[in-house]
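Peer 1: Can you keep this structure in mind? I'll have questions shortly.
The values are calculated or read from the model by the stated rules, or taken from the named source; none is laboratory data. If you're wondering where the values come from, they're calculated on a predicted model, not measured in any experiment. Note that we place each Cβ from the backbone using ideal geometry, even for glycine, and neighbour counts take in every protein chain shown. Note: areas computed on protein heavy atoms with side chains; ligands, DNA, RNA excluded. Shrake-Rupley method; radii C 1.70, N 1.55, O 1.52, S 1.80 Å.
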Amino acid sequence: MIGTDVSVAASLLKEGEVVAIPTETVYGLAANALDTKAVSKIYAAKKRPSFNPLIVHVSDLASAQRYVKNFPPIALKLAEAFWPGPLSILLSKHSSIPDLVTAGLPNVVVRVPKHPITLELLKKIDFPLAAPSANISNTVSPTSAQRVNQNLGERIKYVLDGGASEVGVERAIISAQNNKIVLLREGGISQEQIESILGSKITLNTNAKISSPGQLKKHYATNKKLIVTDNLQKTLSNYNDKRCSALLYETKEVPESVTSYHLSKTYNLPEIANNLFECMHLADEDKSEIIVVEKCKEEGIGRAINDRLRRASW
Ligand code: TXA
Ligand code: MG
């Protein structure tokens, strides 16, 4: 069921149920992070392998500090700059966080989502929420309550509707071990933004050994073949014997037979990020056989978009 009642969502969560929640990045599938039985329902509902850990969502920095062993100064600086907002931080977990949440790993990823409804929800409950993206594993992440309902509606009791997600790609994940920042996943906040707060360069390690689909090659996948290319026109002409859909960044000339979706009309990166998953869903549902999309320039949030495209392509 889809609804906008925060109290209903809070009651279900207190009873140990899973509820889909809006965030500014993508919708999450949430349960009480301190309750192993509730957390196990998340893995079951989204058919997530139990070796893939979940992000812990809290209402503010003070609560985040409760669920980690320590919060190094360099991580505090970033949390103060970007929370609430699209940045997740990997830190040593406090013993109150069950192993199931972190898939047995000693570290937990924490974040403060920037969505008024979810912040209100977090204030109504006295536990943090474990929440991966609200999709069946290895499918495209949802950026609206309707998409969640379509994908998981029969498996969960409530989808808290907070409208369309604002950022539309998942948040960036950094680790802050030994007071040193490493960027593990690019996302709604770019490497450059982090570096400008710290005033120094950070290490990029998106190949970090984390046994997780977000890091695995084939993720965010559409059912149809999705081709990522440097040259849209050329790829479309190579496949002119097939029905194609194209995801476009600007108003480009494409053959009339191609169904086109505008991620943006002016190559606006936040707008592209915001529309990406929904356009992937739409193209997956139309009558075409193949989806073609051009790479973004490798800069800022464009790198996060390219990363999602690469993982979705096959
Ligand atoms: O924006 C987002 O990050 C959304 C919203 C709902 O918060 N969440 C999300 O969750 O995309 P998910 O589970 O689809 O992706 C989270 C990524 C996964 O690749 C997971 O493996 C990694 O974060 N992760 C979570 N906890 C971790 C941990 N303790 N150690 C290493 N990686 C972790
Ligand atoms: Mg996911």
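Peer 1: Can you compute the helix-only [θ] at 222 nm over the chain? Use -39500 (n - 2.57) per DSSP H run of at least 4 residues, normalise by all residues, nearest 500 deg cm²/dmol.
Peer 2: Working: 11 runs with 100 residues, N = 314.
Calculated at 222 nm, the ellipticity per residue is -9000 deg cm²/dmol.
Peer 1: When the chain is fully extended, how far beyond the present Cα-Cα distance does residue 286 get from residue 206, taking 0.36 nm per residue of separation?
Peer 2: Computed gain between residue 286 and residue 206 is 25.5 nm.
Peer 1: Right, something else. In terms of the ratio Rg/(2.2 N^0.38 Å) built on C-alpha atoms, what value belongs to segment 14-130? Write down the numbers at each step before the final one.
Peer 2: Values: Rg = 13.1 Å, N = 117, 2.2 N^0.38 = 13.4 Å.
After normalising by residue count via 2.2 N^0.38 Å, the value is 0.98.
Peer 1: Can you give the translational diffusion coefficient of segment 71-203 in µm²/s, computed by Stokes-Einstein from the Kirkwood radius over Cα pairs at 4 °C and 1.567 mPa s?
Peer 2: Values: Rh = 16.2 Å.
Taking Rh from Cα pairs, D becomes 80 µm²/s.
Peer 1: Run the accessible area of segment 1-147 with a 1.4 Å probe and give the carbon-and-sulfur part as a rounded percent.
Peer 2: 55 percent
Peer 1: I'd like the distance separating the alpha-carbon centroids of segment 241-314 and segment 135-202, in whole Å.
Peer 2: Cα centroid to Cα centroid, the span is 19 Å.
Peer 1: Under 5 Å between amide H atoms, partner at least 5 residues away or on a different chain: which partners does residue 2 have, H built in plane at 1.01 Å?
Peer 2: 159
Peer 1: Could you report the chain's accessible area per residue, 1.4 Å probe, as an integer in Å²?
Peer 2: 42 Å²
Peer 1: Report the net charge of residues surrounding residue 192, where surrounding means a beta-carbon distance below 14 angstrom and charges are Lys +1, Arg +1, Asp -1, Glu -1.
Peer 2: -1
Peer 1: In nm, to one decimal, how far is the modelled label at residue 150 from the one at residue 242, with both set 7 Å along Cα→Cβ?
Peer 2: That separation, rounded to one decimal, is 2.1 nm.
Peer 1: Probe radius 1.4 Å, ligands and nucleic acids ignored: give me the carbon and sulfur share of the accessible area of segment 269-314 as a rounded percent.
Peer 2: Carbon with sulfur: 54 percent of the solvent-accessible area.
Peer 1: Would you mind counting up the charge near residue 74? Only other residues with Cβ under 14 Å from its Cβ, with Lys and Arg at +1 and Asp and Glu at -1.
Peer 2: +1
Peer 1: Moving on. Once amide H atoms are placed 1.01 Å from N in the peptide plane, what residues at a sequence separation of 5 or more from residue 69, or on another chain, have their amide H within under 5 Å of its amide H?
Peer 2: 92, 93, 94
Peer 1: Please compute, for the alpha-carbon atoms of the chain, the extent along each of the three principal axes and give them in descending order in Å.
Peer 2: For the chain, the Cα spread along each principal axis is 58, 47, 31 Å.
Peer 1: If you count the DSSP beta bridges with both ends in the chain, what percent of them are antiparallel, to the nearest 5?
Peer 2: Counting only bridges with both partners in the chain, antiparallel ones make up about 40 percent.
Peer 1: I need the Debye-formula profile for segment 144-200: one equal scatterer per C-alpha, no solvent, reported as log10 I(q)/I(0) at q = 0.12, 0.26, 0.30 1/Å, two decimals.
Peer 2: Debye curve over Cα of segment 144-200, log10 I(q)/I(0) at q = 0.12, 0.26, 0.30 Å⁻¹: -0.48, -1.01, -1.19.
Peer 1: Here's a follow-up. Just to confirm a number: summing +1 for Lys and Arg and -1 for Asp and Glu over residues other than residue 43 whose beta-carbon lies under 15 angstrom from that of residue 43, what do you get?
Peer 2: Numbers: positive: 37, 41, 46, 47, 48, 155; negative: 17, 35, 99.
Net charge around residue 43: +3.
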